[in-house]
Amino acid sequence: MTATLVRRATVDDAPAIAHVHLQSWRETYGPVLPADVLAGLDLDARTARWQAILDEGRSTIHVAVAGGEVVGFASAGDRPDEGGPAPRELEGLYVLARHHGTGEAARLLAEAVGHGPAYLWVWRDNARAIAFYAKHGFVPDGAEDTHTVSGHPIPAIRMVRT
């Protein structure tokens with residue numbers, strides 16, 4: 001596999017981030033979201049959303065680039081006044097399935113939240129992701145929530161690293 005560069009994302013990366021985001025959902029959420037919902041995810045709408053997020057600058061976003069292609073991304077933000085269990089939230093971390101096990105996710109995680117206190121929400125039944133985050137010091141704190149995608153619930157747990 002080609003060596004991967006992890007760098008700060010720019011607004012020009014929005015289409016590639018949107019592609020990774022939707023493809024990762026299709027690769028991960030098949031057991032919880034109907035096939036028609038996954039097939040109907042709108043790349044143009046997601047690209048516009050990522051352009052707005054990147055323009056807004058509230059979150060820090062990093063991309064993993066291999067062979068000139070964005071193959072993963074991480075998004076994080078500071079939440080000191082929102083009552084969370086840590087000052088930094090990992091908002092999202094996605095790597096295409098063909099790049100699982102390459103170390104790219106670990107590099108993206110380190111860039112996004114460093115090695116200090118942070119928290120995240122993860123799909124309750126995503127054993128692979130939960131094991132990955134546990135390996136990096138995150139533990140479930142008992143908080144649960146339900147995220148909704150196209151009217152379908154995705155039960156989530158919060159994991160915290162202190």
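The values are calculated or read from the model by the stated rules, or taken from the named source; none is laboratory data. Small disclaimer: the values here were computed from a predicted structure and weren't measured. In this analysis, Cβ positions are derived from the backbone assuming ideal geometry, glycine residues included, and neighbour counts consider all displayed protein chains. These accessible areas exclude ligands, DNA and RNA; they are computed on the full protein's heavy atoms, side chains included. Shrake-Rupley method; radii C 1.70, N 1.55, O 1.52, S 1.80 Å.
Need the C-alpha centroid separation for segment 22-92 versus segment 141-162, integer Å.
Segment 22-92 and segment 141-162 have Cα centres separated by 15 Å.
Counting each DSSP H run of 4 or more residues in the chain as -39500 (n - 2.57), what helix-only mean residue ellipticity at 222 nm follows after dividing by all residues, to the nearest 500 deg cm²/dmol? Could the numbers behind the result be given before it?
Working: 5 runs with 53 residues, N = 162.
Roughly -10000 deg cm²/dmol at 222 nm, from the helical runs in the chain.
Any idea what the alpha-carbon Rg over 2.2 N^0.38 Å comes to for the chain? Don't skip to the answer; put the middle values down first.
On the way: Rg = 15.1 Å, N = 162, 2.2 N^0.38 = 15.2 Å.
Relative to the 2.2 N^0.38 Å estimate, the chain comes out at 0.99.
At a probe radius of 1.4 Å, what is the per-residue accessible area of residue 149, in Å² to the nearest 10?
My reading of the accessible area for residue 149 is about 20 Å².
Can you give me the relative contact order of the chain as a percent, contacts being Cα pairs under 8 Å and 6 or more apart? Intermediate results must be reported in sequence, preceding the final value.
On the way: 276 pairs, mean separation 33.0, N = 162.
Computed value for the chain: 20 percent relative contact order.
In percent, how large is the relative contact order of segment 80-133, given Cα pairs closer than 8 Å and 6 or more residues apart? Before the final figure, lay out each step's value.
Values: 36 pairs, mean separation 23.5, N = 54.
So the answer I get is 44 percent.
First measure r as the distance between the Cβ atoms of residue 131 and residue 79, then evaluate 1/(1 + (r/R0)^6) with R0 = 25 Å and state the FRET efficiency to the nearest 0.05. Each step should come with its number before you reach the end.
Numbers: r = 25 Å, r/R0 = 0.99.
That pair, residue 131 with residue 79, gives E of 0.50.
Just to confirm, what accessible area per residue do you get for the chain at 1.4 Å probe, in whole Å²? If you can, show how the numbers build up before the last one.
Values: 8180 Å² over 162 residues.
Normalised by residue count, the accessible surface of the chain is 50 Å².
Please report, as a whole percent, how much of the solvent-accessible surface of the chain comes from carbon and sulfur atoms (probe radius 1.4 Å). Let's see the in-between values first.
Values: 4090 of 8180 Å².
Roughly 50 percent, rounded to a whole number.
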